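Accompanying notes for the structure given below.
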Amino acid sequence: MDENGVPVGRRVVLGMLALGAVGVVGGRSAQSAIDSVRATVSNHDPTGLSALVPAAGGFRYYSVTGDVPRVADSDYHLSVSGLVRRPLRLSLAELRALPHTSLTRDFQCVTGWRVENVRWSGVALGDLLTAAGVMPGAVGVSVRSSDGVYTESLSLDQARRRDVLVALEMEGKPVSRAHGGPVRLYVAPMYGYKSCKWLSDIEVTAQIRTGYWEQYGYATEAWVGNSNGRDDAPTS
Ligand SMILES: Nc1nc2c(c(=O)[nH]1)N[C@H]1C(S)=C(S)[C@@H](COP(=O)(O)O)O[C@H]1N2
Ligand SMILES: [Mo]
């Protein structure tokens, strides 16, 4: 079990053992071996253990399903449904044509790593909600990943913040597949687990739904520096 009480998958254990073995070898070839092992571990890591392995650029690639969904840009659609007057189903081209918001903020994972000054661009989630027309009685927004497992949620007020984006670009380029492309959520003031990768569905709900990691004890109110028992400096 890891610190969250989640069983550690056999593959992950094998991956970490392999890393230990590589560490003994040392030298330049060991670094490239670490890189390839890290890719394997990250892709099969249901626990966040790959966070123990340093990664270039500071980001760790996470996928709770051990999979990196592949959605062709031409097949991509984002649905906005639930308590809305006008349910939406937007193609990537339609999303690209909407007004964009850009911001540069730190990205902080609750396991401790932070990448400073990451530039993001996309459609403000609040603008999509306005376009869809939120109905009375709505309280929350629940998002789902096309990996079929990962979910997250925000209160309606949080979802309408101008620093919460349906992100299409990261560091001036389309969001890569590993980072959740073609479209991911980016919730600037909260820990990384709120930033759902491979975003496929946005549903306006009558209550706040428990997200994937929140089932395992992470805070629903995931403010960086003010939740999860951590005292990180707020992202800026
Ligand atoms: N679909 C999906 N989204 C996800 C995750 C995941 O495992 N699956 N991990 C979350 C966590 S804990 C973090 S810190 C960030 C990591 O983003 P990155 O993989 O682009 O570094 O994605 C978040 N969104
Ligand atoms: Mo994370």
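Here are a few things to note about the model shown:
- Each listed q (0.13, 0.14, 0.18 Å⁻¹) maps to a log10 I(q)/I(0) for the range 95-236 from the Debye sum over equal C-alpha point scatterers, namely -0.51, -0.60, -1.03.
- Between the beta carbons of Asp73 and Ser236, assuming R0 = 41 Å, the FRET efficiency works out to 0.80 to the nearest 0.05.
- Ranked by the mean number of other Cβ atoms within 10 Å of their residues, highest first, the peptides 144-152, 167-175 come out as 144-152, 167-175.
- Contour excess over end-to-end distance, with Cα ends at Asp157 and Ala206 and 0.36 nm allotted per residue: 16.3 nm
- By the beta-carbon count within 10 Å of each Cβ, the least crowded to most crowded order of Trp213, Trp113, fewest first, is Trp113, Trp213.
- Positive-pole candidate from Gly122, Leu156, Ala233, dipole of the range 105-236, charges at beta carbon: Gly122
- Label-to-label distance, nm, for residues given as Ser91 and Asn226 (7 Å Cα→Cβ offset): 4.2 nm
- Packing here is the average count of other Cβ atoms within 10 Å per residue, and on that basis the peptides 119-125, 69-75, 226-232, 106-112, highest first, run 119-125, 106-112, 226-232, 69-75.
- Diagonalising the gyration tensor over the Cα atoms of the range 133-179 and scaling each eigenvalue by 5 before taking the square root yields semi-axes of 24, 15, 8 Å, largest first.
Coordinate-derived values only; no laboratory data. Values in this document were obtained by computation on a predicted structure and should not be read as measured data. Here Cβ is always computed from backbone atoms with ideal geometry, including for glycine, and neighbour counts include all displayed protein chains.
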